[in-house]
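Structure first, commentary second.
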Amino acid sequence: AEVAPGAVHAPAWLDRARQRDLLAACRDWARPPAGLRTVRTPGGGTMTARQVCLGWHWYPYSYARTVVDGDGAPVKPFPAWLGELGRRAVADALGPDAVPAAPYDIALINFYDGDARMGMHRDADERVDAPVVSLSLGDTCVFRFGNTETRARPYTDVELRSGDLFVFGGPSRLAYHGVPRVRPGTAPPWLGLAGRLNITLRVSGL
Ligand code: MD3
Ligand code: FE
């Protein structure tokens, strides 16, 4: 379903086996060194979703090859298979012409537990306009897709469930978006995940 120009939601894009495999990979990536961390913003706040990065390490508001705001370790490598998954996702959602020439080289993995949320923001730290690929695992969330002008209304709320794909390209690449709530206990029982996990794949242009 196209939620806005260039923003396509593909429910249940990952089958059970692929969800389980991706979760197992995320649990592995979350281990130290360069594992799961709490993100501190320059204003002194902390993000409630914790994060692990592959390929390039994101910290507000830049990218580095080491975990500059954590244990200082080199960021984990971005695996080729994950880039292939990203290209397939873009081709399925937006068509083969939308697949970027440059390879996907960043994964940001956000873990939401308890009351974790994400405020309205834009992703503007990448140097190129390649589509962002988002994959959700675990609990259902309310994803808020806004506009390119302001973090306020108008916006569209969409429920993202375990296995869903969302691709943000074209004019949607710079839209405000956020996660106002996660619905606890809604993860599929066969997955074995308490909470929610979101994997975004990006092209750095670096
Ligand atoms: C629209 N993550 O990592 S995924 C983020 O569920 C982020 O963890 C949320 O916002 C999450 O930056 C939302 C959907 C998403 C991701 C990246 C986008 C939507 C986007 C980039 C541009 C436009
Ligand atoms: Fe974002």
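Cα-based radius of gyration for the chain, normalised by 2.2 N^0.38 Å, reads 0.94. For the chain, a simple Cβ point-charge model (Lys and Arg +1, Asp and Glu -1, everything else neutral) yields a dipole of about 420 debye relative to the Cα centre. In this entry, the stretch 74-164 is assigned a mean projected area of 7.6 nm², taken as a quarter of its C-alpha convex hull surface.
Throughout, read-outs are computed from the coordinates displayed, never taken from laboratory work. Note that the structure is predicted; figures quoted are calculated from it, not measured. Neighbour counts run over all protein chains shown; Cβ positions are idealised from the backbone, glycine included.
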